[in-house]
């Protein structure tokens, strides 16, 4: 059978529609698509990260002056603030990805660009977080003493910095593998569709 | 415009073009549950994009863009949405046509199921009798490219229906 013959049948097709389809009701439903799921994930991340320092303050309300002098607390606040900024940037990118009314090809190209930008920033942010913790571990003992950190500092600098370097190398490869597994396939799929349209 | 008015207007537009959405769903989702999910997702995306619709293109053109974008980009995320199926997994009865040449039609639908997501979109618009100009507006592909693709798809479908 040729496509031309199907054309007529296709146009005459009367699909059995669900008579109870309530458009108004559907409009008010939550989207369960991948973009909506990502948006929900980032909203949750932003809220949790914004509330965590407050929660910590609340649990130490009896000794509030002491916590304000604690280097680790302020490092923690800085970390949470960084995560909120990162989460908001991600949220904005994903929101842009939710625009679905452009031409299919341009929409796909936009999605590829945004996904690649998001991946790039994710890797950069991860490295910044790791660097932040290394600096923290190295600097905190000059201001406050913690048994674990003192033990770590009793090791020779060669071992310490060698471990940090190994950690960075491991992170580099691991994050690439994870990103490839999580988004690599999807980006390849989108790129294949775009190249098919050229 | 008041929100309620906009809702009513949108509902009216959707009701007038409901069949188009069903056809996209049938092309991209192969079980009734998947079609229902895709239909809902498309309506939500249309409603989200509706405030930006300024009537610069026909409503049906705009609707096709949103519906195809949703179907094509939504199919991949298995956990969160619909899982794309291999042609061998297609149900025996794909449509609810007034069957006469059902077996032949089924062969052709199976062959269409083996096309890529973009080819499916082109075939669907072609069968809907959309002009190449409108197809260009929806897909963002040049008319020359679309014509070449359409000829290749026809040949591919001929081969596929022969082999099946």
* Could you tell me how many degrees, from 0 to 90 and to the nearest 10, lie between the Cα long axis of helix A:71-97 and the main elongation axis, the longest principal axis, of the Cα atoms of chain A? => 10 degrees
* **Spin-label proximity, residue A:143 to region A:105-134 - amide N less than 16 Å from point 7 Å beyond Cα toward beta carbon** => A:132-134
* Asked: For chain A, what relative contact order do you get, as a whole percent, if you take Cα pairs closer than 8 Å and at least 6 residues apart?
  -> 22 percent
* Structure fact -> Per residue of B:116-125, other chain Cβ atoms within 10 Å number on average 3
* Computed P(r) (all Cα pairs; the protein assembly as shown; 20 Å bins; percent) -> 24, 45, 22, 10, 0
* To do: Starting from the Cα of residue A:96, step 7 Å along the direction of its Cβ; do the same at residue A:62; then give the gap between the two resulting points in nm.
  => 5.0 nm
* To do: Return B:39, A:73 ranked ascending by Cβ neighbour count within 10 Å, so the fewest neighbours appear first.
  => A:73, B:39
* Using 1/(1 + (r/R0)^6) with R0 = 30 angstrom and r between the beta carbons of residue B:144 and residue B:15, what's the FRET efficiency to the nearest 0.05? -> 0.25
* What FRET efficiency, computed as 1/(1 + (r/R0)^6) with R0 = 51 Å and r the Cβ-Cβ distance, is obtained for residue A:155 and residue A:22, rounded to the nearest 0.05? -> 0.15
* What order, most packed first, do the peptides A:162-171, A:85-94, B:144-153 have when packing is the mean number of other Cβ atoms within 10 Å of each residue? -> A:85-94, B:144-153, A:162-171
* **Helix axis angle, A:185-197 relative to chain A longest principal axis, alpha carbon, degrees** => 40 degrees
* To do: Round to the nearest 0.05 the FRET efficiency obtained for residue A:37 and residue B:33 when R0 = 25 Å and r is the Cβ-Cβ distance.
  => 0.85
* Structure fact -> Across B:132-138, the residue-averaged tally of Cβ atoms belonging to other chains within 10 Å stands at 1
* Based on Cα positions only, what radius of gyration and what Dmax would you give for chain A, in angstroms? -> 25.4, 82
* Structure fact -> Most exposed to least, judged by fewest other Cβ atoms within 10 Å, B:23, B:15 sort to B:15, B:23
* In nm, to one decimal, how far is the modelled label at residue A:81 from the one at residue B:6, with both set 7 Å along Cα→Cβ? -> 3.6 nm
* Tensor-based shape of region A:33-95 (alpha-carbon gyration tensor, a/c under 1.5 rounded, otherwise prolate or oblate) -> prolate
* Per-residue average of Cβ from other chains inside 10 Å of A:31-41 -> 6
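Here, each number is a calculation from the coordinates, and none is a lab measurement. As the structure is a computational prediction, the values presented were derived from the model and not from experiment. Cβ atoms come from the backbone with ideal geometry, glycine included; neighbour counts cover every protein chain shown.
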